[in-house]
1. What's the number of the only condition in (1) outside any loop (DSSP other than H, G, I, E, B); (2) crowded, with 20+ Cβ neighbours inside 10 Å that R342 fails to meet?
2. Out of D362, D349, which single residue is among the acidic types (D, E), in contact (Cβ under 8 Å) with a residue 40 or more places away in the chain and either assigned to a strand (DSSP E or B) or under 30 Å from T334 (Cβ atoms) (or both)?
3. I'm trying to understand the selection: among the residues of the stretch 487-528, which are within 19 Å of F618 (Cα to Cα), among the basic types (K, R) and without any contact (Cβ under 8 Å) to a residue 24 or more places away in the chain?
4. For the stretch 317-339, which residues satisfy the criterion of being in a strand (DSSP E or B) and either of a type in the set (D, E, K, R) or closer than 23 Å to Y403 by Cα (or both)?
5. Just wondering, is there one or more residues in the stretch 310-323 that are closer than 24 Å to S296 by Cα and hydrophobic (A, V, I, L, M, F, W, C)?
6. Identify the single condition in (1) in contact with a Ser or Thr (Cβ under 9 Å, 6 or more places away or on another chain); (2) modelled with pLDDT of 90 or more; (3) of a type in the set (A, V, I, L, M, F, W, C); (4) buried (at least 17 other Cβ atoms within 10 Å of the Cβ) that A233 does not satisfy, given that it satisfies every other one.
7. Of everything in the stretch 351-392 that's within 22 Å of the chain's Cα centre (by Cα) and within 16 Å of W287 (Cβ to Cβ), which residue is modelled with the lowest pLDDT?
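The values are calculated or read from the model by the stated rules, or taken from the named source; none is laboratory data. None of the values given here were measured: they were computed from a predicted structure. Note that we place each Cβ from the backbone using ideal geometry, even for glycine, and neighbour counts take in every protein chain shown.
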Amino acid sequence: MAAVSARRTLLPLTLVVTVCTAAHAQAAAPAPSGATAAWTLRLRGDVRWQQVTPAGALLVSTDASLAGVDIDRGQVTWERPELGGLPADSVRMVEGSLLMEAARPGLLLIFDPVTGAVVFDSRRLSLTQVVTRRVLPQSGTLLVHGRRASGPPVVALYDLVTGDQRWANEGLFEQSGPAKRGLGGLMQGLARAVSGGIELGVLQAGPDMIVVHTLLGLRALDARTGAVRWSAALPTARAGNPARHVRLYPSLDKPDRIYVSFDDRLMAYRLADGQALWAKPPTIEGWVHNIVQHPSGIIILPESPPPDQATGNVRIVNGVVQTGLNVARYEDGTTIAAKPLRMRGTVTDAMIAGGSAVLAVDAESRTFVNVLDVATATLRLNKDVKIKGRLAYAELTPAGLLYISRPDPATNAEVNVIDLAKGEPRFKDAIESGKPWGGNDTDYDAARYYLHHAVEGRMLYVFANRDHRLYAVDRDAGTFHALGGEIKLQGGEDPTDMEIRPAGIVLIAPQNLVVLARDGQVKQQAYYPAPQLPGLLRALHRINAVRAGLYGAAASAYGDAFAQASRTATDSTARRITGQLATAYTQGGAQLAGYAHQSAALATKRFKASLTVAGSVFMLTRAPDGNGNVLLQIDKDSGQPRSRVDLGKEREPVYAVDDVAGMLFLRTASATLVGYRL
């Protein structure tokens, strides 16, 4: 590829763009200023790709090594020659952590991207297969489980800061109870043989204990030594049969226990000794899909198991295995309802709304909703209400159940309000998304047809691409009306995001930005045609992953309780939890104590920065003289470009953008990287 000099990127460039005012008159935007080159870095080997990590370090892959770069100073902080030349998809974030992992045949490394310290190297234990890897922030450790060419499977724990192995346990998959004879003994042997190759269920139960599940049952491990503190067998319907579909849950309000779901039942276990806290497990109809810990009881959500694996009496309607939901009491596990409440299929979610929960039920790609009164385990609607699409947002308002759905290839999305007294939708002609689908799933991009929405006061604003209009929904009155006329985006685009800002309601698309007044009138509209080069756009779209990854890392560092709560939160609850996260980072609590000091400090700084919604977006467009391409930073309030960087004539430029730090990193020559402040 042709080299592009750093000097060239700073040459003055007169750029004329189309800006539409409220009257749709065209005007010339002022030329954006060139971004400032903060540093230039020369590396060993050709730069292949680069990636900004949620922790704040920049990873740069060359033929010679994988390197970590300090984005403020433009200096290489560490290098790993054994990871040189790796494809970009071989290096990724370890779920639930600030760490990264790199894989190549025969090698898996897990490392801190800020310091470069290796936390885990699969060669240390001679592992041929890494089955489980889980970061445990409460104890500052990484748990790894894998198999070797010979010998038993091994489970080991590593320190997140030093990478030191705290312990290794080779006896976790041995039978803990008495050996059985006959068929029972055969089942024990089979369970032992296959359990070592199945991913462990892992739950950090306080800083000193780790609970894991294998086919052989529950084991509580001492986090300091790896010794087994206690074992417990799950009380399945048929004694001796291994439990299926097992999931572990932390207790949100009662620190003395954990919850374990399996098959069609749920059980609470005491952390001190592993004793069951309930005389018998509460059961539902179907497999346990998830639980929601509501103040009035534990909502046990069912899912439709395969017909040949269903438990109890199987009811099948229109090819869908029917299920039954119930609510268990915290004290003794007894269920509030005498019999499970009949559901049409899998209850995918229960969104908490005060003393109630909005249930979303999936029945063979059709979605139904109902409202559960948790304290009495009764349904407020006599009959489930079918909605279009999949439930995405719901809240109980004075007018009823207000919901927004997501589209799929076969069904539009919609906004509507269900009258809880009548059990019927209020809007006969609901706000709907478009559905241009020709029968081939590959032709359908659902992201284009989401109903983008934002709440301000009692108003819910919704943009519908079916007619390209903005709507205002009065959440209290249960009414809606269109605002203004049709809003056309150039280049055949549809919005991919929507925000409410001081300047107005902002619609964002890859190459369009529209600022609307709250009456729906267009205040500003800017369009920057995209270069016809897929490689350029792929690189630009990776920007969004940076901020999303940062939120994910922050949430996981807060612990398993956050993950459990966030799965069942309404939007208002989610905002409250986000505020708690901010407090946790501000106070520098133990959530990041397991990481190196540099990593924790940088992640905290970036998390605080990420709480502020970015004031700009990035768009790629052709240079006005047709000589190459430029990357523009567009102000969301004015629609005007703030700054620009010349990407030259490269058909596949190697660059990355960090919108949290406000920087762009561009390869200007085969082994040269330039960092620009935007």
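1. It is condition (2) that R342 fails.
2. The conditions single out D349.
3. none
4. Residues of the stretch 317-339 in a strand (DSSP E or B): 317, 320-321, 323-328, 335.
Of everything in the stretch 317-339, just one residue is in a strand (DSSP E or B) and either of a type in the set (D, E, K, R) or closer than 23 Å to Y403 by Cα (or both), namely L325.
5. For the stretch 310-323, residues closer than 24 Å to S296 by Cα and hydrophobic (A, V, I, L, M, F, W, C): absent.
6. Failing condition for A233: (4).
7. In this case the residue turns out to be D362.
Each row is one residue, and each column tells you yes or no for (1) surrounded by 20 or more Cβ atoms within 10 Å (Cβ to Cβ); (2) closer than 29 Å to R426 by Cβ.
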site: L470; (1), (2): yes, yes
site: A477; (1), (2): no, yes
site: E486; (1), (2): no, yes
site: E499; (1), (2): no, yes
site: V514; (1), (2): yes, no
site: R518; (1), (2): no, yes
site: V522; (1), (2): yes, no
site: Y527; (1), (2): yes, no
